[in-house]
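The values are calculated or read from the model by the stated rules, or taken from the named source; none is laboratory data. What you are looking at is a predicted structure, and each value in this text was computed from that prediction instead of being measured. All Cβ positions, even for glycine, are placed from backbone atoms using ideal geometry, and neighbour counts span all protein chains on display.
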4 protein chains.
Amino acid sequence: MARKMCQEVKARNYHIDSYGHVNNAQYLRYLEDARTDFFEELGLSIPGLNARSIHIFITATNLQYRKPAKIGDKLLVYGWFIKISSRKATWQHEIYRKQDNALILTGQISGMFLKQGRLTTIPSDVRAAMTKIYIS
Amino acid sequence: MARKMCQEVKARNYHIDSYGHVNNAQYLRYLEDARTDFFEELGLSIPGLNARSIHIFITATNLQYRKPAKIGDKLLVYGWFIKISSRKATWQHEIYRKQDNALILTGQISGMFLKQGRLTTIPSDVRAAMTKIYIS
Amino acid sequence: MARKMCQEVKARNYHIDSYGHVNNAQYLRYLEDARTDFFEELGLSIPGLNARSIHIFITATNLQYRKPAKIGDKLLVYGWFIKISSRKATWQHEIYRKQDNALILTGQISGMFLKQGRLTTIPSDVRAAMTKIYIS
Amino acid sequence: MARKMCQEVKARNYHIDSYGHVNNAQYLRYLEDARTDFFEELGLSIPGLNARSIHIFITATNLQYRKPAKIGDKLLVYGWFIKISSRKATWQHEIYRKQDNALILTGQISGMFLKQGRLTTIPSDVRAAMTKIYIS
């Protein structure tokens with residue numbers, strides 16, 4: 001049965017900006033780190049894909065900022081697929097503050113699969129792994 | 001008559017990631033820098049607003065990545081308002097590569113105005129300045 | 001008996017620059033994260049110190065780059081004190097690549113203790129904790 | 001006659017950390033940007049060197065932090081060579097705050113020249129250009 005994957009990350013001194021909370025761009029980095037590690041947990045390493053000349057190109061990132069995160073906050077970064085088509089896919093993300101389970105951010109990240117720079121069908125082994133975290 | 005504002009930025013060594021192009025999160029920083037400078041050109045400094053206890057909280061960032069930018073690329077970052085309501089506003093952005101005018105990225109950034117942490121009406125002087133770059 | 005503290009960190013996609021290895025500035029962030037967590041392990045939280053109006057101001061950072069780190073490398077970040085005087089202290093750092101124990105970087109980070117912006121004596125409880133990782 | 005080169009940069013929102021001033025690692029990025037642009041002004045582009053299989057590997061960075069820089073500060077970043085040997089060179093940097101000419105940071109950055117990964121003699125055209133900003 002499909003499930004959401006989760007990773008914990010800590011808000012660092014230099015993630016904070018002059019407003020005293022985590023900078024808007026930093027969240028895209030939390031999400032990128034989480035997706036990389038989620039793929040690894042699914043047995044799909046990015047270097048392994050690249051060795052097969054397959055690259056994932058991010059086509060869109062949509063973030064909704066709900067509450068600011070602060071220095072030292074432990075954040076739970078969730079991710080799963082909400083759409084997997086033949087050559088494209090979309091992740092859904094949620095970030096919660098661990099201490100009180102407050103929702104900090106929601107986001108959707110879309111990407112397409114390229115082989116030697118051209119749009120390509122998601123390989124069947126990759127699709128099989130991705131399907132494990134697909135929730136319709 | 002309303003106009004789009006524009007700023008030039010250069011893609012730096014550390015903006016590039018292991019894929020050899022500008023990292024997805026870096027674009028949010030190009031856009032943030034541009035908005036800060038656009039506000040200053042309009043006579044609205046962020047420190048000045050903060051001194052009046054007014055803060056702009058980013059509520060959503062939506063980016064569409066069209067083409068990858070590379071090391072040394074000179075990028076033209078455009079911005080203007082597409083929506084100004086009583087307490088919220090939305091910027092439209094476009095980034096073009098200067099050398100060939102290729103479209104690199106489009107984006108929409110929404111924010112709300114807060115006074116001492118509570119949603120507040122956009123002050124009339126701020127609204128007047130913002131209207132100069134509002135294109136319906 | 002004094003000991004070196006150690007933390008593992010992973011070289012991320014956006015830590016890499018256009019040369020294909022970890023950017024020179026990124027190492028200062030690995031070291032800062034390690035020091036923060038080492039202090040916490042010693043029972044000294046940075047927010048706790050700040051609440052006592054005590055801040056540590058970094059006065060010098062000296063890094064020696066030995067070998068480049070690459071995407072996905074797991075890095076072991078070591079830290080301990082080599083100098084603790086009445087109002088200043090110096091950390092020694094070493095970073096090793098986990099897979100083959102190659103030395104990636106050595107560094108020395110010096111800081112001074114401030115109370116309300118003025119140089120101050122290191123509080124005795126802080127000094128006692130720091131001494132646990134002091135190696136002459 | 002040899003001269004110091006200079007570039008202006010602005011302290012941005014996300015350069016600031018939770019202490020309210022520019023983060024220690026950010027200065028290495030200001031210096032890297034400056035050196036890249038200084039080389040270009042001297043007619044030495046990094047991509048041009050790379051096309052000749054020549055890379056500069058940073059071997060050491062030593063920074064002395066004098067005063068903290070704050071959001072919006074305009075910073076004057078100076079750079080010149082203090083040492084040029086057959087295969088290595090060392091830059092001297094100074095950063096001043098434009099508004100009051102306060103000294104913010106001094107630094108020394110050393111690098112070596114590599115050709116296809118092996119230490120190599122600095123090419124004569126590169127040395128000639130570098131000598132223009134060498135101050136003994």
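Out of the stretch B:17-40, which residues are within 11 Å of chain A (Cβ to nearest Cβ) and of a type in the set (Gly, Ala, Ser)?
Listed by number, the residues that qualify are B:18, B:20, B:25.
I'm trying to understand the selection: among the residues of the stretch C:34-50, which are free of Cβ contacts under 8 Å to residues at least 40 places away in the same chain and under 26 Å from residue B:26 (Cβ atoms)?
Answer for the stretch C:34-50, where residues must be free of Cβ contacts under 8 Å to residues at least 40 places away in the same chain and under 26 Å from residue B:26 (Cβ atoms): just C:36.
Select, from B:39, B:113, B:81, the only residue that is more than 12 Å from the chain's Cα centre (by Cα) and under 13 Å from residue B:130 (Cβ atoms).
Just one listed residue meets the conditions, B:113.
Counting only residues that are hydrophobic (A, V, I, L, M, F, W, C) and in contact with a Phe, Trp or Tyr (Cβ under 6 Å, 6 or more places away or on another chain), which one in the stretch B:104-129 is surrounded by the fewest Cβ atoms within 10 Å (Cβ to Cβ)?
Here is the first cut: in the stretch B:104-129, the residues hydrophobic (A, V, I, L, M, F, W, C) are B:104-105, B:109, B:112-114, B:119, B:122, B:126, B:128-129.
Checking which are in contact with a Phe, Trp or Tyr (Cβ under 6 Å, 6 or more places away or on another chain) leaves us with B:105, B:109, B:112, B:114, B:122.
Details: B:105: 22, B:109: 21, B:112: 17, B:114: 15, B:122: 19.
Going through the qualifying residues, I end up with B:114.
For every residue, the table says whether it meets (1) within 22 Å of residue A:15 (Cβ to Cβ); (2) modelled with pLDDT of 95 or more.
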{"site": "C:15", "(1), (2)": "yes, yes"}
{"site": "C:44", "(1), (2)": "yes, no"}
{"site": "C:53", "(1), (2)": "no, no"}
{"site": "C:59", "(1), (2)": "no, yes"}
{"site": "C:84", "(1), (2)": "no, yes"}
{"site": "C:87", "(1), (2)": "no, yes"}
{"site": "C:94", "(1), (2)": "no, yes"}
{"site": "C:97", "(1), (2)": "no, yes"}
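Which numbered condition trips up residue A:126, out of (1) assigned to a helix (DSSP H, G or I); (2) closer than 23 Å to residue B:69 by Cα; (3) of a type in the set (Val, Ile, Thr)?
(2)
Mind listing just one residue for me: the one in the stretch D:62-88 that is assigned to a loop (DSSP other than H, G, I, E, B) and in contact with a Ser or Thr (Cβ under 9 Å, 6 or more places away or on another chain) and, of those, nearest to the other protein chains (Cβ to nearest Cβ)?
For the stretch D:62-88, the residue satisfying everything is D:71.
Are any of the residues in the stretch B:6-17 in a strand (DSSP E or B), among the charged types (D, E, K, R) and surrounded by fewer than 22 Cβ atoms within 10 Å (Cβ to Cβ)?
Within the stretch B:6-17, one or more residues are in a strand (DSSP E or B), among the charged types (D, E, K, R) and surrounded by fewer than 22 Cβ atoms within 10 Å (Cβ to Cβ).
Can you go through A:65, A:30 and tell me which one is crowded, with 22+ Cβ neighbours inside 10 Å and either of a type in the set (A, V, I, L, M) or under 20 Å from residue B:112 (Cβ atoms) (or both)?
A:65
Which numbered condition trips up residue B:37, out of (1) part of a helix (DSSP H, G or I); (2) in contact with a Phe, Trp or Tyr (Cβ under 9 Å, 6 or more places away or on another chain); (3) of a type outside the set (Ser, Thr, Tyr)?
Among (1) part of a helix (DSSP H, G or I); (2) in contact with a Phe, Trp or Tyr (Cβ under 9 Å, 6 or more places away or on another chain); (3) of a type outside the set (Ser, Thr, Tyr), residue B:37 violates only (2).
Kindly check whether there is at least one residue in the stretch C:48-57 that is closer than 18 Å to residue D:63 by Cα, part of a strand (DSSP E or B) and in contact with a Gly (Cβ under 8 Å, 6 or more places away or on another chain).
Yes; the residues of the stretch C:48-57 include at least one that is closer than 18 Å to residue D:63 by Cα, part of a strand (DSSP E or B) and in contact with a Gly (Cβ under 8 Å, 6 or more places away or on another chain).
Quickly run through the stretch A:50-61 and pick out the residues that are surrounded by fewer than 17 Cβ atoms within 10 Å (Cβ to Cβ) and away from every other protein chain (no Cβ under 11 Å).
Residues satisfying the conditions are A:51, A:52, A:53.
Just a yes or no: is a residue in the stretch C:108-116 among the aromatic types (Phe, Trp, Tyr) and either touching an Asp or Glu at 6+ places or on another chain (Cβ under 7 Å) or free of Cβ contacts under 8 Å to residues at least 24 places away in the same chain (or both)?
no
Of the conditions (1) under 18 Å from residue D:56 (Cβ atoms); (2) modelled with pLDDT of 95 or more, residue D:101 clears all except one; give me its number.
The number of the failed condition is (1).
Could you check the stretch A:113-123 and list, in sequence order, the residues that are part of a loop (DSSP other than H, G, I, E, B) and more than 17 Å from residue A:45 (Cβ to Cβ)? Full working, then the answer.
First, pick out the residues of the stretch A:113-123 that are part of a loop (DSSP other than H, G, I, E, B): A:116-117, A:120-123.
Result: A:116, A:117, A:120, A:121.
Taking residue C:30, is it of a type in the set (Phe, Trp, Tyr) and within 12 Å of the chain's Cα centre (by Cα)? If you could, list the steps in order and put the result at the bottom.
Numbers: of a type in the set (Phe, Trp, Tyr): yes; within 12 Å of the chain's Cα centre (by Cα): yes.
Yes.
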